[in-house]
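What follows draws every value from the coordinates through simple rules; no lab data is involved. Values in this document were obtained by computation on a predicted structure and should not be read as measured data.
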Amino acid sequence: MTLIPSLETKCVEVQIGNAPQFPIYHLGDGLQTIIIITFPIFMADEPTLFFIEEPDLAMHPSMQRALIQIMLEKSQHQYFLTTHSNHFLDMALESNDISIFQVQKETNNTQESKFKISYANNL
């Protein structure tokens, strides 16, 4: 797969193999998401922190697995993800290189709120 910036259409175009190129928005949402998320990962020249919110939205479980695999392979970087995806959590439990934390908002009697962060790898 090749990504091609097109000045004519003002859009990133995609070419798969020898097929004609086409606008990226003709791809499914999940594939667009994985391209958008992984592009800066592949382009980073030095170790980088990546903060990614809900990457699993509109992403098929096989794409979620591919995304996690890319992150594990590009281990010079550090990734912080928020998710509600059971697939991400299940895959994370399969790897010793991934930590899971749970964030909960707690309110006391005076209506003061604070956040409790707890290690949750033993879900």
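Can you give the calculated 222 nm mean residue ellipticity of the chain, where each DSSP H run of n ≥ 4 adds -39,500 (n - 2.57) and the sum is split over every residue, rounded to the nearest 500 deg cm²/dmol? Mind showing how you got there, number by number?
On the way: 3 runs with 36 residues, N = 123.
Estimated from H runs of four or more residues: -9000 deg cm²/dmol.
Taking the alpha-carbon distance from LYS116 and a cut-off under 22 Å, which lysines remain once sequence neighbours fewer than 8 residues away in the same chain are dropped?
LYS105
5 Å is the cut-off here: which amide hydrogens, built 1.01 Å from N in the peptide plane, fall below it relative to PHE50, excluding neighbours closer than 5 in sequence?
For PHE50, whose amide H was placed from the backbone, the distant partners under 5 Å are GLN78, TYR79, PHE80.
May I ask you to derive the relative contact order of region 1-102, considering only C-alpha pairs under 8 Å and at least 6 residues apart, and to give it as an integer percent? All intermediate terms of the calculation are to be shown ahead of the outcome.
On the way: 105 pairs, mean separation 20.4, N = 102.
The value is 20 percent.
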